[in-house]
Amino acid sequence: MGHLVMSNRELDRLQVLVRVSERRLTQREAARVLGVTERQLRRLWTAYRQRGAAGLVSGKRGRRSNRRLPETRREVALALVRERYSDFGPTFAHQKLVELHGIAISVSTLRTWMTDAQLWVPRLQRQRGVHQPRARRECYGELIQIDGSDHRWFEDRAPRCTLLVFIDDATGKLMELRFCDGESTFNYFEAAKSYLQRHGKPVAFYSDKASVFRVNAKQPTAGDGYTQFGRAMGELNIDTMCANTPQAKGRVERANSTLQNRLVKELRLANISSIDGANRFASEFMEDFNKRFARPALNPHDAHRPLRPDETLQKVFTWQERRKVTRSLTFHYKRTMYILEPSDAARHAMGKHVTLYETEGGEVTIVHDGHQLSARAFHKEGHVRQAAIVDNKQLGAALHHAKQMQQQRDEEKIQSTSLNKRDKRLLRARQAEASTLPA
């Protein structure tokens with residue numbers, strides 16, 4: 001006796017009709033249960049009495065579709081894929097078959113053909129990569145994993161922002177939490193400064209390959225091969241390492257997932273909806289979190305080292321670059337020309353390199369051979385910088401800043417008397433439209 005293949009819908013109909021045959025349901029009640037008309041129910045009842053359960057199976061099952069494409073088209077398409085596009089995905093291969101060969105098929109059809117012919121392996125069927133577990137470091141402070149998590153930490157109460165997370169690899173303790181507008185160098189500087197003042201210097205920081213931590217250009221044309229964060233850590237004798245995959249720094253990645261669940265709710269219960277308020281709340285949250293989830297290190301030794309008296313964090317965590325002074329006592333920095341005030345120290349720096357220290361607020365200090373030089377900045381009027389390279393993790397903050405600058409320039413144009421009333425109305429309308437965009 002062969003097997004009978006039935007769909008869930010057909011099985012439901014069979015169960016109802018069995019109850020009808022046992023007189024536990026009337027045909028009117030059965031029609032209402034199945035959601036069909038009484039006339040359709042009588043047809044089903046007749047088929048069931050004549051052929052049993054097989055009478056409820058669709059007669060179209062197993063038959064070739066009337067809309068099925070010709071077999072020759074399938075063979076031609078697969079032959080072209082094998083010959084020319086063997087390493088193409090279905091979408092890209094479909095684009096070439098339509099544009100270059102005039103073969104009219106859909107992407108889903110080509111994907112099915114390529115899968116059946118073993119020319120393409122769907123993502124769900126691919127063998128997943130093996131990520132073997134890595135043992136925790138033995139000592140507290142030996143390795144600190146750091147990462148940023150862009151999330152709606154305040155839900156709908158405030159715009160989304162970024163949380164910088166520092167977690168100890170040996171114990172799983174949260175070491176530093178800092179809310180900010182994005183993963184910028186200065187934001188990591190502030191978080192690292194707070195960490196060092198609180199705990200001391202760890203052996204190493206472990207991060208991803210973001211441009212804050214690593215020079216990603218294969219053949220950089222300038223610089224010493226270190227980022228500003230890497231330079232600062234080098235001055236403090238702290239190693240920096242970058243993970244090759246997200247799984248390699250799974251400790252902080254899993255912590256981010258936990259924080260996106262628990263911390264969001266804690267901020268809601270505390271009615272906190274600002275970055276400043278969240279940063280004040282972070283210490284209390286970390287203390288409670290570590291009591292619940294941290295574990296003792298395998299080795300009781302604390303690998304943190306105290307800061308030396310000569311390690312001035314205020315100076316270390318500045319943006320530092322070198323510039324060559326011309327014979328006119330000038331140099332360029334960030335599209336601005338600086339003119340040194342004539343002095344013996346400035347003349348001694350002529351034709352040599354000076355070191356620039358820039359704070360987050362934009363204050364620039366110029367030093368040469370231990371002497372601080374005075375200078376004035378010469379700005380070009382009306383300049384708008386275009387095609388600036390922005391790291392993807394800083395894109396939100398950069399767009400917000402760009403929107404503010406555009407609104408400021410538009411307001412300056414509106415205040416200008418050279419604009420007529422129509423132009424002013426257009427500019428004000430554009431400002432109103434821009435203000436509705438999300439930050």
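The values are calculated or read from the model by the stated rules, or taken from the named source; none is laboratory data. Note that this is a predicted model, so its numbers are computed, not measured. With ideal geometry, Cβ positions are generated from the backbone for all residues, glycine too; neighbour counts draw on all protein chains shown.
Considering only residues in the stretch 34-58 that are within 51 Å of the chain's Cα centre (by Cα) and part of a loop (DSSP other than H, G, I, E, B), the one that is farthest from V18 (Cα to Cα) turns out to be S58. Of the residues making up the stretch 313-346, those that are within 16 Å of H371 (Cβ to Cβ) and either of a type in the set (S, T, Y) or not in a strand (DSSP E or B) (or both) are K315, V325, L329, Y338, E341, P342, S343, D344, A345, A346. Which of the residues that make up the stretch 362-407 are under 30 Å from D208 (Cα atoms), at pLDDT 70 or above and of a type in the set (D, E, K, R)? Residues satisfying the conditions are E363, K403. Assess whether N187 counts as being closer than 24 Å to E284 by Cα and in the same structural domain as V165 (by TED's automatic domain parsing). For N187, the condition - closer than 24 Å to E284 by Cα and in the same structural domain as V165 (by TED's automatic domain parsing) - is met. For the stretch 1-18, a residue qualifies if it is surrounded by 14 or more Cβ atoms within 10 Å (Cβ to Cβ) and free of Cβ contacts under 8 Å to residues at least 24 places away in the same chain, and the qualifying residues are D12, V16.
Looking across R68, R49, R39, R43, one residue alone is within 30 Å of D12 (Cβ to Cβ), touching a Ser or Thr at 6+ places or on another chain (Cβ under 9 Å) and without any contact (Cβ under 8 Å) to a residue 60 or more places away in the chain. It is R49.
The residues on offer are S211, S184, and the sole one that is touching an Asp or Glu at 6+ places or on another chain (Cβ under 6 Å), among the small types (G, A, S) and modelled with pLDDT under 95 is S211. Inside the stretch 350-369, can you point out the residues that are within 30 Å of the chain's Cα centre (by Cα) and either of a type in the set (D, E, K, R) or outside any loop (DSSP other than H, G, I, E, B) (or both)? Result: E358, E360.
Here is a yes/no grid of residues against (1) modelled with pLDDT under 95; (2) assigned by TED's automatic domain parsing to the domain that holds F229; (3) not β-branched (V, I, T):
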{"position": "N279", "(1), (2), (3)": "no, yes, yes"}
{"position": "R292", "(1), (2), (3)": "yes, yes, yes"}
{"position": "L313", "(1), (2), (3)": "yes, no, yes"}
{"position": "H332", "(1), (2), (3)": "yes, no, yes"}
{"position": "R347", "(1), (2), (3)": "yes, no, yes"}
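A single member of D276, D288, D310 is acidic (D, E), exposed (fewer than 14 other Cβ atoms within 10 Å of the Cβ) and not in a helix (DSSP H, G or I), and it is D310. The number of residues in the stretch 140-159 that are surrounded by fewer than 22 Cβ atoms within 10 Å (Cβ to Cβ), among the hydrophobic types (A, V, I, L, M, F, W, C) and under 16 Å from N261 (Cβ atoms) comes to 1. Scanning the stretch 188-211 for residues that are of a type in the set (S, T, Y), in contact with a helix residue (DSSP H, G or I) (Cβ under 8 Å, 6 or more places away or on another chain) and not in a helix (DSSP H, G or I) gives Y206, S207. A single entry from V215, V252 fulfils the requirement of being crowded, with 18+ Cβ neighbours inside 10 Å, assigned by TED's automatic domain parsing to the domain that holds Y188 and either assigned to a loop (DSSP other than H, G, I, E, B) or not small (G, A, S) (or both): V252. At pLDDT 70 or above and within 30 Å of K209 (Cβ to Cβ): does that describe L356? Answer is yes for this residue.
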